[in-house]
Amino acid sequence: MRGWLVLMAVVGASATSTAVAASLGVTPARLTVFAAATTVPVTSCRLEAAADTYVDQLSLLSNFGGATTLLVWSSLLQNRRSFVRFDLSTCAIPPTARVMTAVLTLFLATAPSNSRTYVVSRVTGAWTEAGLTWTSQPAVAGSPTATRATGTASGVVLTWNVAADVQAFAGGSQTNNGWRLTDSSEDSAAAQQGTLASKENAAAAARPTLDITFYP
Amino acid sequence: MLHSSRTRLALAISAALAASASPAFAAALGGFHSGGAGSGDAAISTCDADGFPVGFTTSAGAVTGVRVTGIADPACENGRLSLTLTNLAGAGIAGGGPQLVPVDADSTDDSLTVAVTPQPAAETVAGVRLVVVGP
């Protein structure tokens, strides 16, 4: 204890490490010191959608898996909702990894006439791109994952923070069934129509993406 | 007597790491430096003048170890390597060692993985301070 007190006193007096070491009698031993600013590199991964489609309340049994657009409409009894899913296995996220960020990005090709709030919700049931219809759409989690105002400008990127869901998917506490995208206030008397690019869109840069960063 | 030597060694490591945390020392290092402590003091020399690249091992987003490479062979062999991880404020948040730099037959730079405790969240690590005492 006394030794530590002496040591701290020496260091506190701004002595060089040389002097400190020398005072402790370690000379002529070598003493090599090194300091560097460094950070732990985060692992990044960008995914393109593995499946996406929309469903139409007016066409209860129709499937639009091959469409180049994803529709989010609020219109009385003519609502439309979109679904998107990513294959996380490509990122090889360890189950114990800590997901730092996960951003879902969609390109709003045509904005609604009034700014709307688009809600992203975690889907809790299985679906397929080629089979999903309004009638067969699965349920979603009770609480939405994220919301985002659309604005009224077309040709813009919209993003949602879905990190908590991706963490749950990676850790295995939730099954990855992707997300549903809806207008927060459906059944509008005056139709509010948003059109987003799907994974089949000709413009590759406009397709849905999921950007993830994590520490293994 | 043996006990006294070990105590001195431990104190020397602690002192070097502590001294390297001081603003003056950090400024002298210019943020990235390796060398003998206290240039101008001929009594103590360095075993490696070109620094040590470091990498990290993580688990569940926490740093569990630091991989130190580029350790001069044979100059640093039989030295005892200790390190401290620091946060943005320069405060120590984890440490590891002392660990013996083993002797080998070749002359290729050595490497060593030093386990650290506690295991800090990866994003909190902003720097590393390292000291080799001896050989």
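The values are calculated or read from the model by the stated rules, or taken from the named source; none is laboratory data. Worth saying up front: this structure is predicted, and the values here are computed from it rather than measured. Reconstructed Cβ throughout: ideal geometry from the backbone, glycine too, with neighbour counts over all protein chains shown. When the accessible area is computed, the model is the full protein with side chains, heavy atoms only, and any ligands, DNA or RNA have been set aside. Shrake-Rupley method; radii C 1.70, N 1.55, O 1.52, S 1.80 Å.
Miscellaneous remarks
- For the range A:60-160, the relative contact order is 36 percent, taking Cα pairs closer than 8 Å that sit 6 or more residues apart in sequence and dividing their mean separation by the residue count.
- Inter-label distance, nm, simple model (7 Å from Cα along the C-beta direction), B:Asp106/A:Ala126: 5.0 nm
- 5 angstrom amide H check on A:Ala197, placed H, neighbours 5+ away: A:Leu70, A:Phe107, A:Ala109
- Measuring how big the range B:36-135 is from its alpha-carbon positions, Rg and Dmax come out at 14.0, 45 Å.
- Mean separation of Cα contacts under 8 Å, 6 or more apart, over the residue count of chain A: relative contact order %: 32 percent
- Solvent-accessible surface of protein heavy atoms, probed at 1.4 angstrom with all chains present, puts A:Ser198, B:Ser111 in the order B:Ser111, A:Ser198, largest first.
- The Cα atoms of chain A give a gyration tensor whose axes a ≥ b ≥ c have a/c of 1.5 or more with a/b greater than b/c, which makes the shape prolate.
- For B:Thr64, residues with placed amide H under 5 Å, excluding near neighbours: B:Thr57, B:Thr58, B:Ser59
- For B:Thr86, the residues whose modelled amide H falls within less than 5 Å of its own, excluding neighbours fewer than 5 places apart on the same chain, are B:Ile93, B:Ala126, B:Gly127, B:Val128, B:Arg129.
- In plain terms, if you count all Cα to Cα distances in the range A:89-216 and split them into 10 Å steps from zero, the share in each step is 12, 38, 38, 11, 1 percent.
- Label-to-label distance, nm, for residues given as A:Ala204 and B:Ala49 (7 Å Cα→Cβ offset): 5.0 nm
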